[in-house]
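Visitor: This is the structure I want to talk about, given as structure tokens.
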Amino acid sequence: MVVCAGLSMALAFASCGKSSESAYKKAYEKAKSQEAAQRVTEAPQTETPAPTVVAPVTTRPATQTRVVDNVDNVSVRQEKVALVNGSGLKNFSVVVGSFGLQANAEGLQQQLRDGGYDAQIVKNETNNMFRVVATTFDSKVDAVNSRDQIRGSKFNPKGDAWLLYNVQ
């Protein structure tokens, strides 16, 4: 008797689930059909937009592309430095190395001189650092161009050359 009661309850729950599932399915299908009908009646009547005219793109090899640097935005570090070894600084200098020991700065200076640069050593007394200057210029534009050229050279493999303005 207990088995029969359990079996009848199981059948009752199973039939309830199917009827509610079919009711949900019917309601979903009805809502979808109403939504489709509403879209058809509310379709906006718009004019065909004019075609967009795009200029043709011309490509050139990277060797022919010229990059223009905005020199005004190039940062320049201002430090008070004293000449240790070299012919003298102008307004803007390209620094390629900073050392705590003068002997290390002299080693890089010699490498640069062997490579054709008029390298110089200056000292920042505040930081007690020796700066190796590869080139020095009166014009910021010339210094930026030189810095960019040095960044890709064998004398500056890390590419960390920067500009220095000597504060008097």
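The values are calculated or read from the model by the stated rules, or taken from the named source; none is laboratory data. For clarity, every value in this text was computed on a predicted model and none was experimentally measured. No Cβ is skipped: glycine too gets one built from the backbone with ideal geometry, and neighbour counts run over all protein chains shown. Note: areas computed on protein heavy atoms with side chains; ligands, DNA, RNA excluded. Shrake-Rupley method; radii C 1.70, N 1.55, O 1.52, S 1.80 Å.
Visitor: How many nm is it between the label spots at LYS158 and ASP138, if each spot is 7 Å from the Cα in line with the beta carbon?
Guide: It is 3.3 nm.
Visitor: Further question: Share of the stretch 108-168's accessible area from carbon and sulfur, percent, 1.4 Å?
Guide: Of the solvent-accessible surface of the stretch 108-168, carbon and sulfur hold 44 percent.
Visitor: Compute the signed sum of charges (Lys and Arg +1, Asp and Glu -1) over the other residues within less than 14 Å, Cβ to Cβ, of PHE155.
Guide: Values: positive: ARG113, ARG147, ARG151, LYS154, LYS158; negative: ASP114, ASP118, ASP148, ASP160.
With Lys, Arg at +1 and Asp, Glu at -1, the neighbours total +1.
Visitor: Just to confirm, what accessible area per residue do you get for the stretch 122-161 at 1.4 Å probe, in whole Å²? Show your work: numbers first, answer last.
Guide: Numbers: 2120 Å² over 40 residues.
Per-residue accessible area for the stretch 122-161 comes out at 53 Å².
Visitor: Okay, next question. Counting heavy atoms of the protein chains only and a 1.4 Å probe, report the per residue accessible area for the stretch 81-120 as a whole number of Å².
Guide: Details: 1990 Å² over 40 residues.
Value for the stretch 81-120: 50 Å² per residue.
Visitor: Turning to a different aspect of this structure: Highest mean first, what order results for 127-134, 85-92, 30-37 on Cβ atoms within 10 Å? It would help to have the intermediate numbers written out before the result.
Guide: On the way: 127-134: 20.4, 85-92: 14.8, 30-37: 9.8.
Descending packing order for the listed peptides: 127-134, 85-92, 30-37.
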